[in-house]
Amino acid sequence: MAWQFDSGRPIYTQLLEQIRFLIISGQYLAGSKLPSVRDLAAESSVNPNTMQRALAELERSGLIYSQRTAGRFVTEDGELIKKMKESIGEEKILTFFHEMEQLGYGTDEIIALIHKVIKSI
């Protein structure tokens with residue numbers, strides 16, 4: 001995966017978001033072992049402490065868990081992953097609608113444009 005960061009936001013937050021995306025998109029499967037902190041840090045070119053902070057936050061959310069001496073694993077709770085995926089999807093849709101409204105579109109116009117784009121796919 002190509003790790004990309006925005007200099008205007010904390011790196012650990014972006015790491016958290018990118019790893020969460022890898023999990024909810026199925027690139028890291030439920031129950032699978034994550035690479036080590038050092039491997040993830042090297043792959044993303046960040047300090048291991050920064051990666052550790054992001055992973056600790058993912059553990060607090062329940063999306064990953066640690067097994068002593070075995071490493072970190074993606075939760076096997078498919079319902080949690082599904083809920084998180086839905087929540088992020090809703091957030092992106094709300095952001096999209098807000099941006100379209102800023103462009104001057106009304107709800108009906110946005111929906112009509114969405115239908116037009118879907119038909120062209």
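Residue pairs whose Cβ atoms lie under 8 Å apart, sitting 6 or more positions apart in sequence or on different chains, and linking a residue in the range 65-92 that is farther than 18 Å from GLY26 by Cα to a partner that is of a type in the set (Lys, Arg) and open to solvent by less than 70 Å² (accessible area, probe 1.4 Å), are SER66/ARG72.
Remark: pairs (first residue in the range 28-49, at positive phi; second residue open to solvent by less than 80 Å² (accessible area, probe 1.4 Å) and part of a strand (DSSP E or B); Cβ separation under 8 Å; 6+ apart in sequence or on different chains) = GLY31/PHE73; GLY31/VAL74.
The values are calculated or read from the model by the stated rules, or taken from the named source; none is laboratory data. This structure is a prediction, so every number in the text was calculated from the model and none was measured. Neighbour counts are summed over all protein chains in view; Cβ atoms, including those assigned to glycine, are modelled from backbone coordinates with ideal geometry. Surface accessibility is based on the protein's heavy atoms, side chains included, excluding ligands, DNA and RNA. Shrake-Rupley method; radii C 1.70, N 1.55, O 1.52, S 1.80 Å.
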